[in-house]
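Have a look at the structure below, then the notes.
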Amino acid sequence: MLIISPIPAFNDNYIWMFHSPDSREVFVVDPGDAGPVEQALNYHGLNLVGILITHHHFDHIGGVAELAHTRNIPVYGPDNPNIKGITHPLRDNDTVELSTCQFKILATPGHTLDHIAYFTDSGDDENPALFCGDTLFVGGCGRLFEGTAEQMYSSLSRLASLPGHTRIYCAHEYTQANLEFARAVEPNNRKLQEQVMQVAELRSENRPTVPSTLRKELDTNPFLRSNQPEVIQAASDRDPSSSASPIDVLRVIRAWKDNF
């Protein structure tokens, strides 16, 4: 079991911090800014013992050098030599043990080519946990900055095969905007309509909408539902030249979301 907590950063980033209940030694995921991490560590009396990186974008790695400067700690991340500071490069299907939990590394290209995710069977409250960076969001997925729709579809399909009660710890508070788009794609999705109301209440209280669960995402996230009739029809209406293949549907709705 892990205690997993969000550290807000920038306008809408979450830096995830986790540790075992009986330990003050913590890991952080995607520390784009060192300042909020140091503040959280000092406030809670915790000791940083490692850093996890999902991909090379600055809002995910910007605080690594400062956090590691005075600490002899491992920095785990993609096998990308262009990311400075990584001491333990990771590849698809590698495993690492952190805070007494074993994490499996999943290559998830699409948003970037080097993107990886970290999955463990023993997360918060014994639920599996997935630190997925910018591949999968609550109600959405990452922009295709470097990869293709085919790569993103493959990555999302891989994540969709995880246990339904897996908790999804993504790196941004994009949920309200994502669900607004999801409603444009699937206006008749009742579970989506319920989630919109739940999220509005959470945000009115300035509370995080993350984590979600994979089961909820499979019911409401259009980027995990590119094989569903209403999503296929929405893609066809948007681009009549598109096919009904899930990859083409994802391509169309991702481009639609880019300009929504």
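Observations, loosely collected:
- Lys, Arg +1 and Asp, Glu -1 on Cβ, resulting dipole of the stretch 3-258 about Cα centre, debye, nearest 20: 300
- For the stretch 3-258, fraction of C-alpha pairs farther apart than 24 Å, in %: 45
- C-alpha long axis of helix 190-204 to longest principal axis of the chain, angle in °: 40
- Computed [θ] at 222 nm, deg cm²/dmol, the chain (DSSP H ≥ 4; -39,500 (n - 2.57); rounded to nearest 500): -10000 deg cm²/dmol
- As a proxy for reagent exposure, E217, E38, E186, E201 were ordered by neighbouring Cβ count within 10 angstrom, fewest first; the result is E201, E38, E186, E217.
- Beyond 12 Å, the tail of the calculated P(r) for the stretch 106-165 holds 64 percent of the Cα pairs.
- Net charge over other residues, Cβ less than 13 angstrom from the Cβ of P21 (K, R count +1; D, E count -1): -4
- Length gained when the stretch S161-S23 is fully extended (0.36 nm per residue, less Cα-Cα span): 46.5 nm
- Listed by Cβ neighbour count within 10 Å, with the fewest neighbours leading, H69, H56, H19 appear as H69, H56, H19.
- Shown here for the stretch 1-98: chymotrypsin sites (Phe, Trp or Tyr not before Pro) in loop regions (DSSP other than H, G, I, E, B) with at most 16 other Cβ atoms within 10 Å, namely F10.
- Where labels lie 7 Å past Cα in the beta-carbon direction, separation of R215 and K191 in nm: 0.9
- Model label sites at E230 and D258, defined 7 Å from Cα along the beta-carbon direction, differ in position by 2.6 nm.
- Residues Y153, Y118, arranged from fewest to most other Cβ atoms within 10 angstrom of their Cβ, appear as Y153, Y118.
- Förster-model FRET efficiency, 25 Å R0, T100 and L202, C-beta, rounded to 0.05: 0.20
- Long-range amide H partners of E25 with built H, under 5 Å: N47
Just so you know, all these numbers are worked out from the coordinates, no wet-lab data involved. Just so we're clear, the structure is a prediction, and the values are computed from it rather than from any experiment. Virtual Cβ from ideal backbone geometry, glycine too; neighbours counted across all protein chains shown.
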